Structure formats: C-alpha cells, structure tokens
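I have placed the structure first, in the form of structure tokens, so that the comments after it can refer back to it.
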Amino acid sequence: MIEVRGLTKRYGDVLAVDDLSFDVEPGKVTGFLGPNGAGKSTTMRMILGLDRPTSGQALVNGRTFATLTEPLREVGALLDPGSVHPGRTGRSHLRVAARTNGIPELRVEEVIEQAGLGGAARRRIKGYSLGMRQRLGIAAALLADPRVLLFDEPVNGLDLDGVRWIRALLRQLADEGRTVLVSSHLLSEMQQTADRLVVIGRGRLIADATTEDILRGLGHRQVRVLSTQADALRTRLQERGLTVERVDTHELQVRDTTAEDVGAVAHSFHLPLHHLSEGQQSLEHAYIELTSNHVEFRGQAGHSRTRTEAAT
C-alpha cells in the first residue's frame with residue numbers, strides 16, 4: 001500500500017506539491033491525473049525517495065522508501081525510460097539490475113518475454129524507439145516481481161498493440177493483488193483501466209474517488225439527437241430549461257435529461273428525428289470540469305487571418 005500524508009515540496013518560491021494526502025490500495029489500478037505542472041511526477045519521485053519532501057511523508061507498506069531493505073523487490077517503477085546506458089543491450093541492462101539485486105538470471109528472460117522485447121533485447125539501447133524503451137523500462141520494473149508498481153506515462157510512444165498490452169498488464173497486476181499507481185494523460189485509457197482516480201491540480205488534491213463515482217458525479221448524462229429541424233427542436237428544448245449544444249447542422253446534444261423526454265418534446269411539436277440516444281459524458285469531460293480552474297499552462301486557439309491581413 002502507498003500512503004501519502006501532507007506531502008509538500010517547494011523549489012524556492014515554487015510550490016510544486018501542496019499538502020497532498022491520498023492512499024493507493026492493493027488490488028486496484030489507481031490513475032494519477034492532473035494538468036501539466038500539477039505535481040504528479042514530483043509526487044512519484046518523492047514516493048520513491050528520489051526527491052526529499054519539504055514536509056509530510058510518503059510511505060510504502062508503512063515505511064519510507066529509503067528504509068526498505070530490498071527496495072527493488074518491494075517497489076518497481078517506470079519514471080524515465082531514457083535514463084539507461086545507451087551502449088548496453090536491453091538484455092545486459094536487465095542482467096546488471098538482476099545481479100545487483102540478487103535476482104536469478106532466469107527472471108531476466110521471463111520479463112523480456114513478458115514485455116514483448118523479443119529480438120530487440122540483443123540490440124543496443126541507443127537504437128531503441130521510445131516505445132521499445134518503454135517496454136524495457138516496464139520489464140525492469142517487473143524484474144524483482146514487486147507488489148507495488150508505479151508507472152509514469154507508460155503508454156507514451158507505444159503503438160496500438162503496445163497500448164492494448166499495457167492495458168491488459170495493468171489489469172493483470174491489480175487482479176494479482178498488487179498496488180498499481182499510473183500517471184497518464186490518455187484519459188480514454190484511464191477510463192477503461194483505472195478502478196480509482198486521484199486528480200491533482202497545482203499540487204493540491206482535487207478528487208479521490210472511484211472512476212465510476214467521478215463519472216456519475218461529474219460526467220453528466222447527455223442525449224444525442226439528429227433532426228432536419230434542429231433549430232426548432234433546440235428552441236423548444238431550451239424553453240423547457242434544458243442545456244442544448246449544437247454539434248453540427250443537424251445534430252444537438254442535450255444535457256441532464258433523457259432520450260424519452262427529448263423524444264416527447266419532438267413528438268409534441270411534430271419535429272422529425274433521425275437519431276436519438278443517450279449516454280454518459282466521457283472521463284475527458286469530467287476531467288475538464290474538475291481541472292478547469294487548476295491549469296497553469298493554457299494555450300489559445302489560433303484565428304484565421306482575413307484576406308486583408310493575409311495580403312499585408
């Protein structure tokens with residue numbers, strides 16, 4: 001189990017992590033979400049003893065990482081897939097880690113196969129793609145068969161097959177009773193994989209709940225409707241106090257209602273419908289609602305220049 005209690009980290013005048021507390025329980029995949037600069041990587045580094053907290057503490061199985069007798073056997077982590085010796089082969093990199101920690105060499109071959117490295121294990125790491133470096137980093141994290149695992153953006157650089165493999169691997173690790181903490185910006189993957197979500201912004205906790213609860217509480221129900229008289233339908237729905245968003249010429253999205261109610265309105269005014277369905281908003285929508293006031297770096301959409309501007 002991972003326990004974070006009042007964790008705070010300052011870099012000069014910058015408050016990277018601000019009195020953060022949460023638990024990561026065994027048997028679950030916990031997604032660690034937040035905008036760029038929210039403090040996710042700093043938090044994970046403090047859990048692993050790579051950065052010293054200004055105050056508070058992070059415990060793994062009731063102890064700080066620095067006091068673990070055999071840390072690699074208790075905690076596996078992927079933080080930076082590039083922090084490896086480029087002149088070594090993938091296999092030699094894993095062999096060095098195994099020998100240093102008293103792990104049988106047979107285990108090296110097992111994680112090479114598990115991570116799908118195959119023939120790439122014989123090649124020098126400097127020739128690896130980002131995706132292959134990710135696979136190597138995950139193999140290293142699994143090497144000592146630890147019960148606690150931390151992955152920072154594990155899907156980054158992987159192709160579709162790699163993404164599906166990571167998804168299945170995270171689920172398998174959690175089902176085996178391990179503690180799994182995953183930081184990711186791919187919200188669609190987190191929606192499919194994570195049992196629980198810890199969301200932070202500007203170093204502070206925003207949400208700590210199951211994925212289902214976050215979607216239920218913030219992922220508003222919405223109805224998708226297609227009609228050749230979308231303008232008239234939109235007006236009638238708004239007259240009933242409903243929030244209606246135009247998607248395109250004939251498509252509307254109506255929030256916090258049911259398909260039955262939308263269909264009843266259309267029927268009462270003899271407005272034709274060509275499609276009517278309801279569902280829940282995605283994790284992306286819920287995440288945007290949660291973090292909209294906690295984004296430190298925000299870009300602006302570009303605007304097309306007028307012909308006069310282009311001419312000058």
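A compact table of results
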{"quantity": "Candidate set: the stretch 246-259, residues that are farther than 13 Å from ARG221 by Cα and surrounded by 11 or more Cβ atoms within 10 Å (Cβ to Cβ); chosen: the one modelled with the lowest pLDDT", "calculated": "VAL247"}
{"quantity": "Residues within the stretch 113-152 that are touching a residue at least 60 places away in the same chain (Cβ under 8 Å) and either over 24 Å from the mean Cα position of the chain (by Cα) or not in a helix (DSSP H, G or I) (or both), tallied", "calculated": "10"}
{"quantity": "Residue in the stretch 177-184 that is assigned to a strand (DSSP E or B), without any contact (Cβ under 8 Å) to a residue 60 or more places away in the chain and touching a strand residue (DSSP E or B) at 6+ places or on another chain (Cβ under 6 Å) present", "calculated": "no"}
{"quantity": "Residues within the stretch 58-86 that are within 28 Å of TYR287 (Cβ to Cβ) and assigned to a strand (DSSP E or B), tallied", "calculated": "7"}
{"quantity": "Of all residues making up the stretch 71-85, the number that are out of contact with any Asp or Glu (no Cβ under 7 Å at 6 or more places or on another chain), under 22 Å from GLY102 (Cα atoms) and not acidic (Asp, Glu)", "calculated": "9"}
{"quantity": "Boolean, ARG122 is closer than 22 Å to ARG73 by Cα, at pLDDT 90 or above, touching a helix residue (DSSP H, G or I) at 6+ places or on another chain (Cβ under 7 Å) and basic (Lys, Arg)", "calculated": "no"}
{"quantity": "Of residues in the stretch 125-178 being of a type in the set (S, T, N, Q) and loosely packed, with under 14 Cβ neighbours inside 10 Å, the one modelled with the highest pLDDT", "calculated": "GLN172"}
{"quantity": "Verdict on ALA38 being more than 29 Å from ALA286 (Cβ to Cβ) and either buried (at least 16 other Cβ atoms within 10 Å of the Cβ) or not acidic (Asp, Glu) (or both)", "calculated": "no"}
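The values are calculated or read from the model by the stated rules, or taken from the named source; none is laboratory data. Computed from a predicted structure; not experimentally measured. With ideal geometry, Cβ positions are generated from the backbone for all residues, glycine too; neighbour counts draw on all protein chains shown.
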